[in-house]
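Please read the structure below before turning to the comments.
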Amino acid sequence: MTNVNLIKKAIEWGTEKSPWIIHFNAGACNGCDIETIDSLTPRYDLERVGILKQGSPRHADILVCTGAVTLQTRDRLIQIYEQMSDPKFVIAIGTCACTGGIFEDCYCVTGGIDSVIPVDVYVPGCAVRPEAIISAVDKLLEKLKNAEKDENQQKNAEKIEEKTETAKNGEETAEQKEEPKNDA
Amino acid sequence: MISFLKMLLAAFIFPGFLFLSVYSLVLDFIDRKLYARMQNRVGPPWYQPVADFFKLIGKKTLIPVEANKMMFRIMPLVSLAAVAAAFLYVPVLGQDAVFSFDGDLIIVLYFLTVPPIAAFLAGWYSRGVYATIGATRILTQLFVYEVPLFISLLAPTLIAGTWSISELTAFYAAHPLYALINLPAAFAALISFQCKLERAPFDTPEAETEIVSGALVEYGGRLLAFFKMAHSCELVLVISLFSAVFLPFMTGYVFADFLLYIVKTLVILLLLTLMRVSMARLKINNVVSFCWKVLAPVALFQVVLNLVIRGSLQI
Ligand code: SF4
């Protein structure tokens, strides 16, 4: 039991410490792509926090997606998303990727990335600065950590509740219980 | 009974599988750090290879519908097993390997051809377009570097008169000056090892800017983790083999020899990393012509030289 927990913890820790990204252009004007590639250069050195750029979607954890989704790239975007193995995350880079931006309501555009696949972090900007992209990945990892913490807290709270219930056992059980938070 | 236990301990703990995997993580980290420092970057933290491994272990394994499921699952393990088995014949602690017999150099060389073939089969049976191209490139490269590699590793045996790695090391440790004769072969072997490890400038099979990531493009999750582990273990194996054959300088004390082993492996790693940083990727036709036109003649020259020396010294 403890072994399983230990391995689980190690995997959670690994997921936080080694986010591998894949970059996909869903129909950007190329401004955001240049900035995305820029943030991978030695100047910003993302390998410091374990970020590596992968070529294959099967190897990657985070889909870094730029641009509004055009009708032509829509199916490819879905395909690539489905080729990634769980747990997987999506970051939308640029105003176009968040909402459709200046391509909104264009005849060949379906809208932002979230009109096709679920998005975890939005980074607005036209074009986004590399610092913003790095901070987005950082936020995503923090969100992950908090989600794990919340889960643990929830489990602990449930355990404590169970214990108190069994302890009180028959006495006033109709006390007001705090509902476990559900931000995640 | 006790000797059997001792053998098990040697095979699985030290200097066997456990040592191999831990040291492979260490060398992997040092390699990446050196690479980063030479590019004027800070580089990854020390736990990066461990974190990558655990991350990959925890991911879901997806197998393409068209792939051959059994081959797809088995190949990473075959690769890892071959490397772990070969490592037992390479001396780490002093001059003696865990197991040794006359001819184990050949066995180790054959075990070393297993990981590329496993990668080829993995790519071939995952039936992706990029995977197939990567797989054929692996095979092309295998046929090319294997010749200079075999010749240059077998040349030192001509002087020593044995085909066992442990005895070879013992012979050259007793006559360190003879080891200097093998420098041309060491040069050829170092470059063919770089080619075997598919590191730049010979990373044509996994060229991520042209064919995504070669034969392993369909792999993900746990299976990819084992392939990566096999690859970094192969790095350790290759470096240890090189240091045993071409840098067989010993002090005679076990502990000092072990320290010396670590220093030697780090120096060789530095050379391999320098090669990786300073050169760009070759096209596959350039790899072929380089190996045939430069490396193979150098290795053959070494064979002739060693035969002449052996004849004139009457060893
Ligand atoms: S947000 Fe601006 S820079 Fe980025 S893709 Fe859209 S128009 Fe181009």
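The values are calculated or read from the model by the stated rules, or taken from the named source; none is laboratory data. All values derive from a computational prediction rather than experimental measurement. Cβ: placed from backbone, ideal geometry, glycine included. Neighbour counts: every protein chain shown. Only protein heavy atoms, including side chains, enter the accessible area calculation; ligands, DNA and RNA are left aside. Shrake-Rupley method; radii C 1.70, N 1.55, O 1.52, S 1.80 Å.
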- Task: Would you mention how many residues in the stretch A:33-47 are surrounded by fewer than 22 Cβ atoms within 10 Å (Cβ to Cβ) and away from the ligand (no atom under 16 Å from the Cβ)?
- Result: 7
- Query: Within the stretch A:78-107, how many residues are among the hydrophobic types (A, V, I, L, M, F, W, C), assigned to a helix (DSSP H, G or I) and either away from the ligand (no atom under 14 Å from the Cβ) or closer than 15 Å to A:ASP61 by Cα (or both)?
  - Reply: 2
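In the list B:VAL267, B:VAL263, B:VAL254, which residue meets the criterion of being open to solvent by 70 Å² or more (accessible area, probe 1.4 Å) and in contact with a Gly (Cβ under 6 Å, 6 or more places away or on another chain)?
On the way: B:VAL267 fails: in contact with a Gly (Cβ under 6 Å, 6 or more places away or on another chain); B:VAL263 fails: in contact with a Gly (Cβ under 6 Å, 6 or more places away or on another chain).
Criteria check complete, one pass: B:VAL254.
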- Filtering the stretch B:199-225 down to residues that are open to solvent by 30 Å² or more (accessible area, probe 1.4 Å) and outside any helix (DSSP H, G or I) yields B:GLU208, B:THR209, B:GLU210, B:GLU218
- Determine which single condition A:ASN30 fails, assuming it passes every other condition in (1) surrounded by fewer than 19 Cβ atoms within 10 Å (Cβ to Cβ); (2) of a type outside the set (Gly, Ala, Ser); (3) on the phi < 0 side of the Ramachandran plot. (3)
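Just to be sure, is A:GLY27 outside any helix (DSSP H, G or I) and either more than 9 Å from every other protein chain (Cβ to nearest Cβ) or of a type outside the set (S, T, N, Q) (or both)?
Yes; evaluated as a whole, the condition is true for this residue.
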- Which one of the conditions (1) aromatic (Phe, Trp, Tyr); (2) in contact with a Phe, Trp or Tyr (Cβ under 7 Å, 6 or more places away or on another chain); (3) open to solvent by 50 Å² or more (accessible area, probe 1.4 Å) does B:TYR47 fail to meet, given that it meets all the rest? (2)
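Just checking, which of B:LEU93, B:LEU88, B:LEU62, B:LEU112 is modelled with pLDDT of 85 or more and not charged (D, E, K, R)?
On the way: B:LEU93 fails: modelled with pLDDT of 85 or more; B:LEU88 fails: modelled with pLDDT of 85 or more; B:LEU62 fails: modelled with pLDDT of 85 or more.
None of the other options fit; the residue is B:LEU112.
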- Test result for A:ALA60, of a type in the set (A, V, I, L, M) and either away from chain B (no Cβ under 14 Å) or within 16 Å of the ligand (Cβ to nearest atom) (or both): no
- Item | Count - residues of the stretch B:298-315 that are open to solvent by 60 Å² or more (accessible area, probe 1.4 Å) and not basic (Lys, Arg) | 9
- Among the residues of the stretch A:116-140, how many are more than 15 Å from the ligand (Cβ to nearest atom) and assigned to a helix (DSSP H, G or I)? 7
- Check the stretch B:290-299 and report whether any residue there is charged (D, E, K, R), over 18 Å from the mean Cα position of the chain (by Cα), part of a helix (DSSP H, G or I) and at pLDDT 85 or above. yes
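Based on this model, can you work out whether A:TRP20 counts as aromatic (Phe, Trp, Tyr), open to solvent by 30 Å² or more (accessible area, probe 1.4 Å) and without any contact (Cβ under 8 Å) to a residue 60 or more places away in the chain?
Values: aromatic (Phe, Trp, Tyr): yes; open to solvent by 30 Å² or more (accessible area, probe 1.4 Å): no; without any contact (Cβ under 8 Å) to a residue 60 or more places away in the chain: yes.
For A:TRP20, the condition - aromatic (Phe, Trp, Tyr), open to solvent by 30 Å² or more (accessible area, probe 1.4 Å) and without any contact (Cβ under 8 Å) to a residue 60 or more places away in the chain - is not met.
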- Message: Quick check on the stretch B:87-101. Is at least one of its residues in contact with a Leu (Cβ under 9 Å, 6 or more places away or on another chain), open to solvent by 40 Å² or more (accessible area, probe 1.4 Å) and part of a helix (DSSP H, G or I)?
- Response: no
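Got a sec? Which of A:THR73, A:THR110 is assigned to a strand (DSSP E or B) and either out of contact with any His (no Cβ under 9 Å at 6 or more places or on another chain) or away from every other protein chain (no Cβ under 12 Å) (or both)? I'd like the intermediate steps shown before the answer.
Values: A:THR73 fails: assigned to a strand (DSSP E or B).
Going through A:THR73, A:THR110 in turn, just one is assigned to a strand (DSSP E or B) and either out of contact with any His (no Cβ under 9 Å at 6 or more places or on another chain) or away from every other protein chain (no Cβ under 12 Å) (or both): A:THR110.
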